[in-house]
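This report concerns only the one structure given below.
The values are calculated or read from the model by the stated rules, or taken from the named source; none is laboratory data. These figures come from a predicted structure and were not determined experimentally. Ideal geometry is used to build each Cβ from the backbone, glycine not excepted, and the neighbour counts take in all protein chains shown. Heads up: the accessible areas ignore ligands, DNA and RNA and are worked out on the full protein's heavy atoms, side chains in. Shrake-Rupley method; radii C 1.70, N 1.55, O 1.52, S 1.80 Å.
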Amino acid sequence: MRMGELLAAAVLTAWLAVPAQGQDGGLFARHSFPEAGGTLFVQVAGLAPDGSVVIQLDRPSEAPPSLFSALVTLFDAPVTTPDGEGMATWVGRADPLGLLSFGVALDDADDVGRMIGMRVEDASDGRSAEFRLLVQPPMLLLPAASGIVRIDLRDGSVLSPDLPGAGGLSDAALSADGLLGYVLRDDGRLEEWPASRWGSAPLAVTRFDPSSDDLARERDSGPRFVLVTPDGEPFAPAGRLLFVDDAAEPLQLSPMGQAVSGRRWAVTPDGQTAFVAEDDLIVREIDLVTGRDRRPMPVGAPGDHGVVDVLVHAGQLLVATRRLDGRAGTLTVFDLSSGQLRTELLASDPERLVPLDDDSVLVLPRSGTTLERLVRGVPEAVSTLDGELLDVAAVPGGALLLVARAETRDVLRWDALLGASLLVADVPGASRMVTGGHALAVLIGDDGSLQRLIVDEARVEPLPGVNALPGTSFAIVP
């Protein structure tokens, strides 16, 4: 097995249980999300062990250049490369378990918006599986006067066109193959868009309850459900979970009237299980395959008031809870493999959990100067900053910290070994910071102004011609 295949086999274990995206005659094709700047992992199961495999790429001249180059490198058997209207064909070999696995870095600037049409055939009996993917950049979506603006989180460029139509933005998602975009408006409308033609018209519109405000998703399995969280005084009514694909009946949940500053849901990497935060320190486990409620899980510690964030990370469910008096909150850790449940005392009143890498999570405090690091669910390090910590965002090798000082708002660069150091001084008006896994951040001001921070150059510049509507929600996809 070549180096690319070895890398793919290692990473594929994180999403091996994702339902097959394409299957025919006993072959199952699985793939990760086709994100520009990331790595596309593909696995085909059910092949004859150690048998020959035919790999075909549709319209090779229109496919992502990095994919074509990688296939030439990975499969060194003769390749047929007709004109762009035909197929390019390679011959590979399945492993002893009947698997074909490989990974491709989608790092060519021309990969974005390119279609991948791939067919894999067992040469011994003609059984095949095929799938189509559309390469998408990581994007920030936020409402502006012209519609919903899309910003490429690799370089901060404003993508064209905007999403037209009335209504604000509650949440957004992309399908697992990148072909469809989903936009949940603030009046409960779920719009399904062709992700290759954002400016055209939605393919379908589903009208959910106006109190729908969360579109739960997992990047490799797409949108899963919508949460309906109605308000009420003195008590909030029951919440509901509505499945996007109508594969199961809606689920009645407990009230979800307590404010959640992070996310009130988390979906496991295989897309089969979800956790939803309800009021009164309860997190409910949902089986997304059967559409059934599995069980309620008590979280937090005596004196805690409510859940503030829910995250699946490193094989664990992490739930941050808060006290009413502003004292340090609690982290509840549920091991997804063993079922063990434990609680840890945090060093601050938590606002959000920010994943950095496969091991580490930073805790953004509701207020104050304390930065706390969790390593596989265990609090391990606390730093005291010179200034109020406003936001945290992950970048390669560490994180960016947006800090308010007496006269300025500054951006610090942080890593686990060196701690925090000044990156950019005096970023006026910035209150939120968004990244997409690359060395770039978009800074959002209280007034809706947008700036991009190019991390490697320590340079901030305005995004010309675009302003977000002040005080509105935004979404990051995939």
Unique match (being among the small types (Gly, Ala, Ser) and on the phi > 0 side of the Ramachandran plot) among Gly339, Gly329: Gly339
Check the stretch 160-174 and report whether any residue there is assigned to a strand (DSSP E or B), under 26 Å from Pro396 (Cβ atoms) and among the small types (Gly, Ala, Ser). yes
Sole miss for Phe75 among (1) out of contact with any Phe, Trp or Tyr (no Cβ under 6 Å at 6 or more places or on another chain); (2) without any contact (Cβ under 8 Å) to a residue 60 or more places away in the chain; (3) among the aromatic types (Phe, Trp, Tyr) is condition (1)
Is it the case, given these coordinates, that Arg197 is open to solvent by 20 Å² or more (accessible area, probe 1.4 Å), basic (Lys, Arg) and within 26 Å of Val289 (Cβ to Cβ)? no
Within the stretch 234-248, how many residues turn out to be touching a strand residue (DSSP E or B) at 6+ places or on another chain (Cβ under 7 Å), without any contact (Cβ under 8 Å) to a residue 60 or more places away in the chain and open to solvent by 30 Å² or more (accessible area, probe 1.4 Å)? 4
State all residues of the stretch 428-454 that are of a type in the set (A, V, I, L, M, F, W, C) and closer than 18 Å to Leu371 by Cβ; if no residue qualifies, say none. Ala430, Met433, Ala441
Which residue is most open to solvent (accessible area, probe 1.4 Å), if the candidates are limited to the stretch 408-433 and must be farther than 18 Å from Val363 by Cβ, of a type in the set (Gly, Ala, Ser) and part of a strand (DSSP E or B)? Ser421
Checked Asp220, Asp186, Asp213, Asp231 against criteria (within 19 Å of Val135 (Cβ to Cβ), acidic (Asp, Glu) and either out of contact with any Leu (no Cβ under 8 Å at 6 or more places or on another chain) or open to solvent by 50 Å² or more (accessible area, probe 1.4 Å) (or both)); the one match is Asp220
List the strands (runs of 3 or more DSSP E) that sit entirely inside the stretch 25-125 and contain at least 2 residues that are under 28 Å from Arg150 (Cα atoms) and among the acidic types (Asp, Glu). none
The residue from Asp122, Asp95, Asp111 that alone is more than 27 Å from Pro478 (Cα to Cα), of a type in the set (Asp, Glu) and crowded, with 20+ Cβ neighbours inside 10 Å is Asp122
Within the stretch 322-348, which residues are assigned to a loop (DSSP other than H, G, I, E, B), farther than 29 Å from Phe225 by Cα and open to solvent by 20 Å² or more (accessible area, probe 1.4 Å)? Leu324, Asp325, Gly326, Arg327, Ala328, Ala347
